[in-house]
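To start, the structure under review is shown below, and the notes come after it.
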Amino acid sequence: MSVAQRADYVRAYRESGLNQMAFAKREGLRYSTFAHWVQKAAKGELRVSAVSSPREGAMQFAQVQLPAPAATTTASLEVRLADGVVVRGDDVQKLTALV
């Protein structure tokens, strides 16, 4: 992995609000390796760019518009998050707010 890619991960970690272990797990990185990158960045040995290009395999989001539910609809919605959490509900607005 290039220095620029490692710096991108460190930058994304700092913006994520997650702890190092959670971030490494979410990104599929080995924790000890990632922690070493963060340590090098803190010492100025790894340049962290302010702006970077998206990482290969990074999760991308798209806005979607769901149709308004019919009054008689009893179908349930289900959202599966990347970490395996499943969120279910019948109310699109409440489910969206929860996720």
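Key figures
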{"item": "Selected residue (criterion: modelled with the lowest pLDDT) from residues of the stretch 52-99 that are under 19 Å from LEU29 (Cβ atoms) and among the small types (Gly, Ala, Ser)", "result": "SER52"}
{"item": "Pairs with Cβ under 7 Å, 6+ apart, first in the stretch 65-81 and within 12 Å of ASP91 (Cβ to Cβ), second among the β-branched types (Val, Ile, Thr) and at pLDDT 75 or above", "result": "LEU66/VAL92; PRO69/VAL92; LEU77/VAL92"}
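The values are calculated or read from the model by the stated rules, or taken from the named source; none is laboratory data. Just so we're clear, the structure is a prediction, and the values are computed from it rather than from any experiment. Cβ: placed from backbone, ideal geometry, glycine included. Neighbour counts: every protein chain shown.
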